[in-house]
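All remarks here apply to the structure that follows.
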Amino acid sequence: MDFQNRAGSKPGAGALMSHSESNVARRERLRKLALETIDIESDPYFMRNHLGSYECKLCLTLHTNEGSYLAHTQGKKHQTNLARRAARDAKDHESSAPAPARTAPRVKKNVVKIGRPGYKVTKVRDPQTKQFGLLFEITYPEVTEETKPRHRFMSAYEQHVEAPNSQYQYLLFAADPYETTAFKIQSREVDMRPGRFWSHWDRDTRRFTLQLFFRNPPRAPMSGTATGANAMPAGRQINPLNPYIAST
């Protein structure tokens, strides 16, 4: 058979390659090129199995030698899977990155509570203003150096231990690893002026001290002059400590 005048042929050459033969030759050229330019050991998807063959962890394909694996990495299937993996990694990175306007979430510490601290409550009264107050002394001998006790007021409707009563409020003290301690006090306005409300943490004795005074209730102004049984006897004066009781 004369192949001289066929397209793409040369004198003395054979017939043109078929489609399958062309694919085999292309894969062979890609394999040789990959062996010369690619470091197969640095490929994260390359794996040798216990049978002595090679696997692609990305495409889940099996190969008999390194050349076959390298030829596979240049193919359409492997390149498509690489593009999909890159897109998914970029999406996961965007979703896991914190929003710029939000702050980092507060990590809750798992602290084993060791019980209630020792405490002492003393009733006090200011000799000048006659304000009634309370002095709290809470002892925390097992706290660390960087720990400072905290306190806050809580209304009767925030707690779920007792039935809410508007006549009382709660004063809470907290310091890890001790349990939070709550004191039930009168629901009166606390005087927050300097010197009336203060707290102190003594690191040497591990004692937290807080003193508060309640504001005196407003007194209704007295109008007119008392007569009859309410009239004050002659010769008596108002007691400055208690204006409702007269003294001689």
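The values are calculated or read from the model by the stated rules, or taken from the named source; none is laboratory data. Fair warning: this is a prediction, and the values are worked out from it, not measured in the lab. Don't worry about glycine lacking a Cβ; one is built from the backbone with ideal geometry, like all the others, and counts go over all protein chains shown. Just the protein is used for accessible areas: all its heavy atoms, side chains included, with ligands, DNA and RNA removed. Shrake-Rupley method; radii C 1.70, N 1.55, O 1.52, S 1.80 Å.
Looking at LYS184, is it of a type outside the set (Asp, Glu), under 25 Å from the mean Cα position of the chain (by Cα) and closer than 25 Å to LYS113 by Cβ? Here the answer is no, as LYS184 does not meet what is asked. Note on the range 174-183: residues that are open to solvent by 50 Å² or more (accessible area, probe 1.4 Å) and touching a Lys or Arg at 6+ places or on another chain (Cβ under 8 Å) amount to 2.
Of all residues in the range 146-170 being surrounded by 15 or more Cβ atoms within 10 Å (Cβ to Cβ) and touching a residue at least 40 places away in the same chain (Cβ under 8 Å), which is nearest to PRO217 (Cα to Cα)? So, considering only residues that are surrounded by 15 or more Cβ atoms within 10 Å (Cβ to Cβ) and touching a residue at least 40 places away in the same chain (Cβ under 8 Å), the one nearest to PRO217 (Cα to Cα) is HIS151. Scan the range 184-219 for residues that are outside any loop (DSSP other than H, G, I, E, B) and either among the small types (Gly, Ala, Ser) or surrounded by 15 or more Cβ atoms within 10 Å (Cβ to Cβ) (or both) and the total you get is 12.
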